[in-house]
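Asks: First the structure, then my questions, so here it is.
The values are calculated or read from the model by the stated rules, or taken from the named source; none is laboratory data. Since the model is a prediction, treat every value here as computed from it, not as a measurement. With ideal geometry, Cβ positions are generated from the backbone for all residues, glycine too; neighbour counts draw on all protein chains shown. The accessibility values were calculated without ligands, DNA or RNA, using every heavy atom of the protein model including side chains. Shrake-Rupley method; radii C 1.70, N 1.55, O 1.52, S 1.80 Å.
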Amino acid sequence: MLTLFYSLSLAAQQADYKVVFDLTSRDTLDQKNLVRWLTEIGNANPTAKMEVVMYSKGLEMVVKDKSYVAEDISRLTTNKNISFKVCAIAMKNNNISRDQLLAGVDIVPDGIYEIVSRQKEGWGYIKAAR
């Protein structure tokens, strides 16, 4: 009976696992924590869908000459269930062009709208900050 309950609980937790992460921090500890969370969730539930939306100074996480986690981002972008999205408004405000971004990073018109849209679609929300 306990095994059946555990199996049903695990199945319920893994069903339709979708979460959007909101990163506005340039703090490297916040960025490293986010990489760890993505890795741990992906290992625990390979079908989990995760999206990282960066705006404000958070976009530095995926800028070639500023990222402290570039190798991790490169590894994570090979997972079809993980996406990295940068706000075009933040890019303009910080004078960042598309060619400065790490490979595999997408641009969305408005980072906040992207997060709100995901929440309307039933995605969970996590603010990536300490």
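Asks: Give region 90-128 a look and list any residue that's within 17 Å of the chain's Cα centre (by Cα) and β-branched (Val, Ile, Thr), or say none.
Replies: The answer is VAL105, ILE107, VAL108, ILE112, ILE115, VAL116, ILE126.
Yes/no per residue for (1) charged (D, E, K, R); (2) in contact with a Lys or Arg (Cβ under 7 Å, 6 or more places away or on another chain):
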position: TYR55; (1), (2): no, no
position: LEU59; (1), (2): no, no
position: ASP65; (1), (2): yes, no
position: LEU76; (1), (2): no, no
position: ALA90; (1), (2): no, no
position: GLN100; (1), (2): no, yes
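Asks: Kindly establish whether GLN119 is polar (S, T, N, Q), surrounded by 16 or more Cβ atoms within 10 Å (Cβ to Cβ) and part of a helix (DSSP H, G or I). Spell out how you get there, then give the answer.
Replies: Numbers: polar (S, T, N, Q): yes; surrounded by 16 or more Cβ atoms within 10 Å (Cβ to Cβ): no; part of a helix (DSSP H, G or I): yes.
Spelling it out, it is not the case that GLN119 is polar (S, T, N, Q), surrounded by 16 or more Cβ atoms within 10 Å (Cβ to Cβ) and part of a helix (DSSP H, G or I).
Asks: Can you pull out every residue in region 102-116 that is open to solvent by 50 Å² or more (accessible area, probe 1.4 Å) and part of a helix (DSSP H, G or I)?
Replies: Hits for region 102-116 are ILE112, TYR113, VAL116.
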